[in-house]
1. Can you give me the number of residues within region 232-282 that are open to solvent by less than 20 Å² (accessible area, probe 1.4 Å), of a type in the set (Val, Ile, Thr) and farther than 22 Å from Val300 by Cα?
2. When the residues of region 123-152 are narrowed to those that are at pLDDT 85 or above, touching a helix residue (DSSP H, G or I) at 6+ places or on another chain (Cβ under 7 Å) and part of a helix (DSSP H, G or I), which ends up surrounded by the most Cβ atoms within 10 Å (Cβ to Cβ)?
3. Could you count how many residues in region 302-325 are touching a residue at least 12 places away in the same chain (Cβ under 8 Å) and open to solvent by 70 Å² or more (accessible area, probe 1.4 Å)?
4. When residues of region 205-227 are filtered for being touching a residue at least 60 places away in the same chain (Cβ under 8 Å) and under 21 Å from Ala270 (Cβ atoms), how many remain?
5. Among (1) over 14 Å from Met277 (Cα atoms); (2) not in a helix (DSSP H, G or I), where does Gln250 come up short?
6. Checking Glu279 against (1) of a type outside the set (Val, Ile, Thr); (2) touching a Pro at 6+ places or on another chain (Cβ under 7 Å); (3) assigned to a helix (DSSP H, G or I); (4) within 24 Å of Gln71 (Cα to Cα): exactly one of these is not met. Which one?
7. Could you look through region 174-188, keep only residues that are free of Cβ contacts under 8 Å to residues at least 12 places away in the same chain and in a helix (DSSP H, G or I), and pick out the one that is surrounded by the most Cβ atoms within 10 Å (Cβ to Cβ)?
8. Filter region 200-226 down to the residues that are closer than 23 Å to Leu122 by Cβ, in a helix (DSSP H, G or I) and open to solvent by less than 30 Å² (accessible area, probe 1.4 Å) and list them by number.
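The values are calculated or read from the model by the stated rules, or taken from the named source; none is laboratory data. Since the model is a prediction, treat every value here as computed from it, not as a measurement. Using ideal geometry, Cβ is built from the backbone for each residue, glycine included, and neighbour counts are taken over all protein chains shown. In case anyone asks, the SASA skips ligands and DNA or RNA and just uses the protein heavy atoms, side chains included. Shrake-Rupley method; radii C 1.70, N 1.55, O 1.52, S 1.80 Å.
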Amino acid sequence: QNWKRMERSRGTTAATTTAPTSTTVVAGRGPMNRRSSTPFSEVPVGYSTATVDQNSEAYMELLFEFQTLRQVDAESRSQHLHTLLHTLQQLLTAATAPTLTPNEQSLLDLRRVIPTLKCLALECPFADVRAAMSQFLTSLPREILSPCWSPDVQEAPRVSQFIDAAEVPSIEPEDTALRKLFVDIFVLTGRVSHLTRVLGCHPSFLARFTNLYSLIMGDDYGPLQPHLRHYLALLTAAQMHCSYLVRTIQPEFLCHGGKPEWILQGLSAAPKKLVKMAEVTALLTHQPWTVNKSHISGLVAEGWSVAEIIHALLIIATFRFFFCL
């Protein structure tokens, strides 16, 4: 009831929730923007369009090469790591060409992957990857780094403001079972997030949670194709104005075969059935009490099967949970 009163006080009711027509790309929306009366057509998905081509061939190649590091076999991972470093070095050479005008697209691509490089340098469960990424970052000229990124990759950010650092498991914990769990999570998601580290204080819960996430978002289970799963996760994160989740989900969507125009042009470029699901997503994230059987019937009429609808609702609920954390 309090939630309803808050929404009414903001002037937002079920009647004013408009059908999504497009998705504007906006930068700078932080995860603290908990709720907004902004129509869905203005919800941000992706990065600012005020840059050069957002999805150049070099950037897409890097995304796929980052994916190749997500494997347990050390020899195979070492080969892919060598290929990735070679690609990064080529990009750096193009971005800092001394005799010609530096390639702006190469510079943009390199800066876009610096957060990923630093994340791998500090929080990857594989020591060889951490060492290689750390070495490459320290070799970058200072002018390449964005103002917010320090060349110092020795200090990892604090995992939690509420839990003492000594109580949070390290990226390579002594507990063999927990270490294997961190490796499994990295292979599945490409990162060992701070949430994962905190949940590592409760290994049995983390194991069950990881299994659930694998069932919902993994490639081997469920009726929805992987790129659709990640696009639904993007829609949910965008509805909540959570730029952090948007940035972490977007590469996964692209690497699983998602079309870049679905992000850059929004829902106007997406299939009609996704537009219909976006309406339900908007209601579930802001006004869940308004969802009724007519909305489900509308999804079925647009070509969604009951199994797909259940899978989609699980994804929406899961990423809504991530935002709340």
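1. 3
2. Among those residues, the one meeting the criterion is Met133.
3. 2
4. Here the count works out to 5.
5. (2) is the only condition that Gln250 fails.
6. (4)
7. Lys180
8. Residues satisfying the conditions are Leu206, Thr210.
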